[in-house]
1. Quick check: is even one residue across the stretch 151-159 part of a helix (DSSP H, G or I) and farther than 29 Å from GLY236 by Cα?
2. Give SER597, SER602 a once-over and let me know the one that is surrounded by fewer than 20 Cβ atoms within 10 Å (Cβ to Cβ), modelled with pLDDT of 85 or more, part of a strand (DSSP E or B) and of a type in the set (Gly, Ala, Ser).
3. Name the pairs: first residue in the stretch 644-664 and open to solvent by 60 Å² or more (accessible area, probe 1.4 Å), second residue at pLDDT below 85 and in a loop (DSSP other than H, G, I, E, B), Cβ to Cβ under 6 Å, at least 6 apart or on different chains?
4. Please go through the stretch 456-469 and give me each residue that is in contact (Cβ under 8 Å) with a residue 60 or more places away in the chain and surrounded by fewer than 16 Cβ atoms within 10 Å (Cβ to Cβ), ordered by number.
5. Go through the stretch 186-222 residue by residue and tally those that are outside any helix (DSSP H, G or I), open to solvent by 40 Å² or more (accessible area, probe 1.4 Å) and either of a type outside the set (A, V, I, L, M, F, W, C) or at pLDDT below 80 (or both).
6. Of the residues that make up the stretch 491-502, is at least one modelled with pLDDT of 80 or more, more than 16 Å from SER429 (Cβ to Cβ), open to solvent by less than 10 Å² (accessible area, probe 1.4 Å) and not charged (D, E, K, R)?
7. Quick one: how many residues across the stretch 246-303 are in contact with a Ser or Thr (Cβ under 6 Å, 6 or more places away or on another chain) and over 25 Å from PHE214 (Cα atoms)?
8. Between a first residue in the stretch 24-46 that is closer than 14 Å to LEU325 by Cα and a second residue that is basic (Lys, Arg) and open to solvent by less than 50 Å² (accessible area, probe 1.4 Å), which pairs have beta carbons less than 9 Å apart while being 6 or more apart in sequence or on different chains?
Amino acid sequence: MASTTHTAPGRSGARVHVQRFGTFLSNMVLPNIGAFIAWGLITALFIEAGWITLIGDKLGYSGGYGFVEDLGAWGSGADGTGIVGPMITYLLPLLIGYTGGKMMYDGNMRGGVVGAIATMGAITGASVPMFLGAMVMGPLGGWSMRKLDALWDGKIRPGFEMLVNNFSAGIWGGFLAIIGFVVAGPFVEAFSDAASNVIDTLVENNLLPLTSIFIEPAKILFLNNAVNQGILTPLGTSEAAENGKSILFLLEANPGPGLGLLLAFMFFGKGAAKASAPGAIVIQFIGGIHEIYFPYVLMKPILVLAVISGGMAGIATNLVFDSGLRSPASPGSIIAVWAAAPPSSLLGVTASVVVAAGVSFLVASFLLKLDRSEDAGDLAAATADMEARKGKKSSVASALTGPGAGTGAIHSIVFACDAGMGSSAMGASVLRKKVQAAGFSDVSVTNKAISNLRDDVDLVVSHQDLTDRARQRSGSALHVSVDNFMQSPAYDEIVDLLRQRNGAGGAPTPASAEEEGALGGALLARESIVLDGTARTRDDAITEAGRLLVAAGAAEPAYVEAMHEREASVSTFMGNGLAIPHGTNEAKSSVHRTAISLVRYSDGLDWKGKEVRFVVGIAAVGKDHLKLLGRIAEVFLDDDQVARLERASTTDEVLEVLGQVQPA
């Protein structure tokens, strides 16, 4: 077979912006899909036309439905609020607003709290479910709070940080709530009414199926999130709250068009496309991952007509049956679709999937049989094209191109831990040295908190107890687990992997003067060094190191408790006699400034089965501690330097080993 050279298409600026906007909206909605599903299930069970009353009536039950009526707020329970109404009015928008605010404040909960407060104003200022308002006020609250905090960062007198932080968030959140009530609520309500009128016009004139002409190609170009999460989901939820269901939830989520396309390839395709189609059907139809069929269309673009035709047929079927879903079906699995369908729509929804699959299958089969060329198409190139359009790796691409597909060069490595301030920083420093020494200057090695991981990295390194969580955040990356941050054999294996993937490497990258030189400032103050620790247990040692940070004015006493919480989650033992306890990611608000403490235990401590002689406590608000952690990592990889620290009789000797210049 002749080799094929594939060049990824240039990424259109407008399309990239729409993709990013859609991804942003999706990142606000998708983490809260469980809440949407919970609301949908409660609605399906407890409203007057729900499953419980339907089954009861079919069985001839003539008694009352008191408990059900109370929960659904109908009948004898009509005077109450039930669960259905408050969930869609308050819970779901507030969750979206909180998530959006937290995202805009780089994962900080302060942004989420202010975003939720601002969203509450929009909720009370309108009479429709305020999902669009939450998508505006939540991110606005988080972004503006981050900007305000930056104005007085480092300028607050010690001891007043909590007072300023709490009152600034409360005052600004209250102001945004008023803005939401006066401006955002009425504006979004007017927009929702106008959009609903447009949808009603399309339905009344039987034009709604034409939306597939835009939606199906948008899915393949990864532009659908902006439409689905930004318009269809909010409008659909409002319609479902009023009518018990909405067809809008099925405009994009119907798995029928993709199923029909893949069935056509299974029967009439050629080569790798035919062989991979059965497995892709399981992923698409049962798993709900629709992007699995995108490369088949990109390989033969004319097949977009098949999915458009299938989508139109599915929408038309739902219109005929007057069917829809109670809540979003995410992912777009047939299981999720059935679970979200009310009893009265189950037949129509099922028929829409079957009809959509049938029409898509017939059109795709005709087009495939019409293609007389012997070229089966380059599925691997089409998959690469799909990933280029997506802007990141696809978590299901290996199902199309086989296990050998993940053999591309590695350019980005992230060392992830729970908080992203200590363990990961030192692990990244050790690994970075090895990578640079091997000559891979184009490979970046950084550290992050797992909560900040994105699916845009090639390789993720994490503690073995955290790998499952890291894989959830970055599913398409290669994951490597370690249990020793300082001397893990996995680091050498990663370097060997780089040689396989990236080539032989080059000349070692020299360390910069900044990296090799001494570090200024007082991150590790003399008063924060104890050469003869008094603790005899791991927990006492964490407390001893934490209290030094509190005494230095770097953290509040509550931060010490957060250090214990972090240790209970994952051990901070680094290897070679070193532990670096630090707080959880959520406890960063208790940190006033970046600082480090060091306690030596000459007799050693038992640290969950490992011997520890040095405990380095960490409190960090930024990244200015990372270079010192890198220096500490270098020291503890050198047995001679460790021996110097063990022999040190003064704090100056300790600082000399660590290369830290202290004020006179």
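The values are calculated or read from the model by the stated rules, or taken from the named source; none is laboratory data. From a predicted model like this one, the values you see are computed outputs, not experimental measurements. Please note: Cβ atoms are built from the backbone with ideal geometry, for glycine as well, and neighbour counts cover all protein chains shown. Each accessible area value is taken on the protein alone, full model and side chains, heavy atoms only, with ligands, DNA and RNA left out. Shrake-Rupley method; radii C 1.70, N 1.55, O 1.52, S 1.80 Å.
1. Checked the stretch 151-159: at least one residue is part of a helix (DSSP H, G or I) and farther than 29 Å from GLY236 by Cα.
2. So the residue among SER597, SER602 that is surrounded by fewer than 20 Cβ atoms within 10 Å (Cβ to Cβ), modelled with pLDDT of 85 or more, part of a strand (DSSP E or B) and of a type in the set (Gly, Ala, Ser) is SER602.
3. Sorted first by the residue in the stretch 644-664, then by its partner, the pairs are VAL661/ALA518; VAL661/GLY520.
4. ASP456, ASP465 - these are the residues of the stretch 456-469 that are in contact (Cβ under 8 Å) with a residue 60 or more places away in the chain and surrounded by fewer than 16 Cβ atoms within 10 Å (Cβ to Cβ).
5. Summing the residues that are outside any helix (DSSP H, G or I), open to solvent by 40 Å² or more (accessible area, probe 1.4 Å) and either of a type outside the set (A, V, I, L, M, F, W, C) or at pLDDT below 80 (or both) in the stretch 186-222 gives 3.
6. Checked the stretch 491-502: at least one residue is modelled with pLDDT of 80 or more, more than 16 Å from SER429 (Cβ to Cβ), open to solvent by less than 10 Å² (accessible area, probe 1.4 Å) and not charged (D, E, K, R).
7. So the answer is 1.
8. TRP39/ARG326; GLY40/ARG326; LEU41/ARG326; THR43/ARG326; ALA44/ARG326
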